[in-house]
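Everything on this sheet refers to the single structure shown next.
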Amino acid sequence: MKLSTIPKNLKLKGRRVLIRLDLNEPIENGKVVNDFRIRRIIPTLQFLVKNGAKIVVISHRGEKEDSLKPIALYLNKFIKVGFVPDVCGSVASDSIKMMADGSIIILENLRKEKGEEKNGLNFAKKLAKFADIYINEAFSVSHRKHASIVLLPKLLPSYAGFLFTEEVTALSRVIKPKQPLLMIMGGAKSETKLPLIKKYLPKASSIFVGGALANSFLKEDGYEIGKSLADKNTKALSPLLKNKKVFLPVDVVVRNGEVKWIDEVLKSECIVDNGPESIFILENMIGKAKTVIVNGPLGIYQDGFGVGTEKLLKILAKSNCDVFIGGGDTVALVSKLKLEKKFSFVSTGGGAMLDFLVNETLPGIKVLSR
Ligand code: 3PG
């Protein structure tokens, strides 16, 4: 099946384009603290403006209480956009009627309407009335069976956006990687990472498990992990512990900054990062690999424990491997270190990247395939 991409000769002048973006960026004290996803979709918006489309942006942000207004204000740093505090009512409809060619408006957070997450047909029909064409430029939420992702493409002529297409093309290369393949899995939530680890065990030469995910493995292996973040039930990890391709950290950093071997952690302590010896071992593993996939950080970088992940990213940036990176927190560090251009591909997807690599498609891709 081939992805339905934007045809070169698509007539856009004066036509209303409903474009699904993922503007779900972290905001602290009213300020956008990571704009990686925003910057990646600007070329698509510029293309639509240049070709005279009337661009209606739809997106979600966090929970239904959250507004897209601060994101709309932030977007104005890059491109002129207007914000409409309505999703599918008369305010939205009247605003769209008054749009000039080449202008952009952003409607309010889709998740304010129940129909979005419930995949409601009536909701999708209301949105479809606003446009002549639909574009999905939100790969990072295309693992969700939400109305704006899976129903709108059935109601309008629909295309995959430039970034969406780039994500699918790049991540498809991971499915058949250059060997040897090294996977580095961090972050938390083992239930979302386990399917990927299992699927890639046969094709990977090594899988390094770090971050909070490693705490769960260490716990299952009988180590004391004190107050560290870990899964309650770790039984499912037991078979992986016996697999010689799976590697765990040998040393860790605890909250007071002390470096400890993994058998030295006390009941009162909390693991916050991987230690220097583990990073050294990882550096050797990277030296032997041709492809590296990274998903999730090695430490709690939000609390200031980003040293392990930063060292890892710097090593990867200097390596000759094909490096594919995903996951919001890891990508935030890539942006902070300004290393985006050093890797084969930095995905805007976290959960979507994991699901794509496991299932080799996503609900949002299926509906855009010919
Ligand atoms: C993300 O941040 O990963 C995407 O925006 C999807 O968000 P969700 O996990 O709330 O669906």
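The values are calculated or read from the model by the stated rules, or taken from the named source; none is laboratory data. Keep in mind the model is a prediction, meaning the values are calculated, not measured. Positions of Cβ are backbone-derived with ideal geometry, glycine not excepted, and every protein chain shown enters the neighbour counts. SASA here: full protein model, heavy atoms, side chains in, ligands and nucleic acids out. Shrake-Rupley method; radii C 1.70, N 1.55, O 1.52, S 1.80 Å.
Here are the numbers for the structure shown:
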read-out: Beta bridge orientation in region 151-306: antiparallel %, DSSP, nearest 5; value: 40 percent
read-out: Packing-based order for 247-258, 125-136, using average beta carbon neighbours within 10 Å, highest first; value: 125-136, 247-258
read-out: Residue of 89, 210, 14 that the Gaussian network model of the chain assigns the largest fluctuation, springs spanning Cα pairs under 10 Å; value: 89
read-out: Net +/- balance of residues flanking residue 52 in space, Cβ distance below 9 Å, scoring K and R +1, D and E -1; value: +3
read-out: Difference of contour (0.36 nm per residue) and Cα-Cα distance, residue 189 to residue 103; value: 26.9 nm
read-out: Residue-averaged 222 nm ellipticity for the chain, from DSSP H runs of 4+ at -39500 (n - 2.57), nearest 500; value: -10000 deg cm²/dmol
read-out: Within-15-Å neighbourhood charge of residue 113 [Cβ basis; K, R +1; D, E -1]; value: +4
read-out: Options 153, 75, 104, ranked by Cα towards positive dipole end of region 59-161, top entry (Cβ charges); value: 153
read-out: Residue-normalised accessible area of region 37-144, given per residue in Å² at a 1.4 Å probe; value: 44 Å²
read-out: DSSP-defined antiparallel bridges as percent of all bridges, the chain, nearest 5; value: 20 percent
read-out: Total charge dipole magnitude, region 1-54, about the Cα centre, Cβ charges on Lys, Arg, Asp, Glu only, Debye to nearest 20; value: 540 debye
read-out: Simple Cβ-charge dipole of the chain, Lys/Arg +1 and Asp/Glu -1, about Cα centre, in debye nearest 20; value: 1700 debye
read-out: Flagged links, alpha-carbon separation over 21 Å, of 80/338; 54/126; 245/336; 54/341; 189/235; value: 80/338; 245/336; 54/341
read-out: Positive-end extreme of charge dipole, the chain - chosen from 294, 213, 353 (charges on Cβ); value: 353
read-out: Accessible surface of the chain, 1.4 Å probe, proportion on carbon and sulfur as whole %; value: 53 percent
read-out: Shape category assigned to region 97-207 from the gyration tensor of Cα positions, a/c cut at 1.5; value: prolate
